[in-house]
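Quick note: the coordinates plus some simple rules give every number you see, no bench work behind them. This structure is a prediction, so every number in the text was calculated from the model and none was measured. Quick reminder, even Gly has a Cβ in these numbers, built from the backbone with ideal geometry, and neighbours come from all protein chains shown.
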């Protein structure tokens, strides 16, 4: 007999993480403090062990709450992403300076890199090179990653290690640049100049001010609205960063909804549906028969699953269906 699956209580085994890197005194600690104040309640994810330097943060998604309005569930559970606070890198890290290899090993474990770049000036906060030069700072970090990759390649090419598989290189990881400006620069509408844009070279970037982000993370909803209005921004830099990180990792969100819970799930872009629903339960990939799918917006417009089904708006899909961002899914196994 087919079993309708509305909910499950298992966390995706694959951990999706972003490592926060940068030179000392660029705002990494303030950023991570703001992120951890936004951390989700870990009790919904019983198989996740969280170290002190890892913040598990909900991915902001208004679709989840719109779906909950028609299902009226007992619980609403967002999808998540991990941010890892990695100690400040210094010139010579590839040769063991600072935390050296430990720093580089921590980056290697992350799926993507969030590179904090200091734009702001503050006489009370010393720059490690005594000048504000974002392009040079980016170059130092990238050079250290390149040197570490060179060492990896050399070790692999040594005769005794000739059978080692090809290791993932640090410079192959996707990067998001976090351009950390002052509050005044944010109000004044600061934008990167041509030189910095050339260095970023089309990669994802987010402009934010870490003191403001910390204040926003500690604010009440009313205070947060006042802050956003004052700085003439529509969302916090952290929300923008989280969404950007999700996009950078080529992730999409699909949903399940019912009386017990409305929940967002993570899938890779272009995943076939049996692989995607493995996020709900690891057995679903091999037990998958078919699924019923509807776009979240269509479901909300029509008023509910039963109404959509009566009007023929629910489509039945097989194993060759590519999961789409915003799909609401009922799986049959």
Average Cα contact separation per residue, segment 129-219, under 8 Å, 6 or more apart, as relative contact order %
30
Cβ-derived FRET efficiency at R0 41 Å, residue 184 paired with residue 143, nearest 0.05:
0.85
Taking 0.36 nm per residue of sequence separation and subtracting the Cα-Cα distance, how much length would be gained by fully extending the chain between residue 269 and residue 332, in nm to one decimal?
20.5 nm
Which value, in nm² and rounded to one decimal, describes the direction-averaged projected area of the C-alpha convex hull of segment 204-333?
10.3
Once the mean of 1/r over all distinct C-alpha pairs in segment 148-242 is inverted, the Kirkwood radius in Å reads 16.5
Arrange 65, 254, 231, 284 by Cβ neighbour counts within 10 Å, fewest through most, would you?
65, 231, 284, 254
If you average the C-alpha positions of segment 228-287 and of segment 183-199 separately, how far apart do those two centres end up, in angstrom?
30
Ranked output for segments 18-26, 170-178 by mean other Cβ atoms within 10 Å, highest leading, reads 18-26, 170-178
Full-extension gain in nm, residue 215 to residue 229, via 0.36 nm per residue minus C-alpha separation:
3.6 nm
Note down the relative contact order for segment 196-261 as a percent, whole number, built from C-alpha pairs under 8 angstrom at least six residues apart.
35
Listing 144, 261, 154 by rising number of other beta-carbon atoms within 10 angstrom, fewest first, gives 154, 261, 144
FRET efficiency for residue 136 and residue 317, Cβ-Cβ distance as r, R0 = 41 Å, nearest 0.05?
0.20
Put in order of increasing Cβ neighbours within 10 Å, starting from the fewest, 328, 128 give 128, 328
Which value in nm describes the separation of the simple spin-label points at residue 157 and residue 169, placed 7 Å from the Cα toward the beta carbon?
1.1
